[in-house]
Amino acid sequence: MINTPIPRLDRSPELRNCLLKYARLKSGEIWNDPDGKHKVGCLDAASQTEIEKLMDQRKASLAIQDPPYNLVAFQERELNEYIRWCKQWITTTEYALAPDSSLYVWLGADQKSGFQPLPDFMLMMRQTRFLARSFITMRNQRGYGTSKNWMAVRQELLYYIKGSPIFNVDAEYTDIPKILRGYYKEIDGRITENMERSKSENIRAGNVWVDVQQVFYRMEENVNGCYAQKPLKSAERIIRASSNKGDLVLDFFCHSGSTLVSAEINNRACYTADTDPVYCEIAIRRLERLRETGKAGWQNRSPFEKEMQHDSELKALLAETTEIDEGKQLTLI
Ligand SMILES: C[S@@+](CC[C@H](N)C(=O)[O-])C[C@H]1O[C@@H](n2cnc3c(N)ncnc32)[C@H](O)[C@@H]1O
């Protein structure tokens, strides 16, 4: 098996700087999909003018936002400043969404620091026109534990709406078989239980997701170098429930391009952005790879494999690191 991983780029700034020359976008530029479907912008989510440029008058029916969480993996900002910044990209998101649309936001809660920024973000959202709809928790398989505390395995996902968007409830069943009878309900004067009312052998996804595998280096969808990659299954669940085929989906914090790739697989268009040209490049390459090979990631190979063969600086930097990219997301809880 070919094994050419690169380490997490947030922990290897020299490597990230070395890869910058392979990024086809510079700050402020937008890649237009030759198939006319998607766009990737090297843009700032908080900038109204940059997001207007990305949207070019179009409106989307769904946004999936996964910002830096103000936790350890990122340079910590003062909490008020972080929430002010969130307000800015929430404003650009509201601008970019259609009157009837959905917004999902992944956000962390730092248990060592009063659970910030989750509650502060929720309070800020009450001052906006978005209406709270659900508070979802996804369970990670591996977590961050000490012998003095519960293992931290949760990822929080907030679901808001604007107007009256669609919700394709039937689209979303888990792989978990329904085994328990119960939940009796009267229908046409007759007491029925959940097995006979059910449309599927499996249980519906609720607001606690225990059936989504966290990405790790053995999975085909793994993107080496990325440190905060969300599973395609979570993006797909959101996309299928809260948009229709042909709709436009947004993600202003693109990183590994999970929303972009999931939109492609599920026949939606995606406009996505990241301030870092290297992550924009990785996301575009991931989409291209999917189209060329049907593979949704690189597993234990690298998005920059070809360059690794002839770039001596890159080779030397990689020789210095032996880390396997197993630790993604662990610093984000
Ligand atoms: C938590 S990661 C997103 C992970 C993504 N959902 C995935 O599955 O790969 C956050 C990303 O936001 C980017 N970012 C940080 N500040 C930004 C900003 N102001 N505008 C756009 N992107 C930003 C970072 O470079 C990083 O790639």
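The values are calculated or read from the model by the stated rules, or taken from the named source; none is laboratory data. Fair warning: this is a prediction, and the values are worked out from it, not measured in the lab. Glycine gets a Cβ as well: all are built from the backbone with ideal geometry, and neighbour counts include every protein chain shown.
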Exercise. Filtering the stretch 90-116 down to residues that are modelled with pLDDT of 95 or more and in contact with a Phe, Trp or Tyr (Cβ under 6 Å, 6 or more places away or on another chain), which residue is nearest to PRO67 (Cα to Cα)?
Worked result: LEU107
For this session: Report yes if some residue within the stretch 132-143 is of a type in the set (Phe, Trp, Tyr), in a helix (DSSP H, G or I) and in contact (Cβ under 8 Å) with a residue 40 or more places away in the chain; otherwise report no.
Result: no
Problem set entry | Members of the stretch 1-56 that are under 17 Å from VAL249 (Cα atoms), among the aliphatic types (A, V, I, L, M) and in contact with a Lys or Arg (Cβ under 7 Å, 6 or more places away or on another chain) | ILE30, LEU54
Exercise. Within the bounds of the stretch 222-245, is there any residue that is more than 27 Å from LEU97 (Cα to Cα), away from the ligand (no atom under 16 Å from the Cβ) and surrounded by fewer than 20 Cβ atoms within 10 Å (Cβ to Cβ)?
Worked result: no
Problem set entry | Residue in the stretch 190-208 that is without any contact (Cβ under 8 Å) to a residue 12 or more places away in the chain, over 30 Å from GLY257 (Cα atoms) and either touching a Pro at 6+ places or on another chain (Cβ under 9 Å) or assigned to a loop (DSSP other than H, G, I, E, B) (or both) present | no
For this session: State whether one or more residues within the stretch 93-115 are under 18 Å from VAL212 (Cα atoms) and either more than 17 Å from the chain's Cα centre (by Cα) or aromatic (Phe, Trp, Tyr) (or both).
Result: yes
For this session: Quick one: in the stretch 48-70, of everything that is more than 20 Å from the chain's Cα centre (by Cα) and over 23 Å from ARG240 (Cβ atoms), which residue is nearest to the ligand (Cβ to nearest atom)?
Result: GLU50
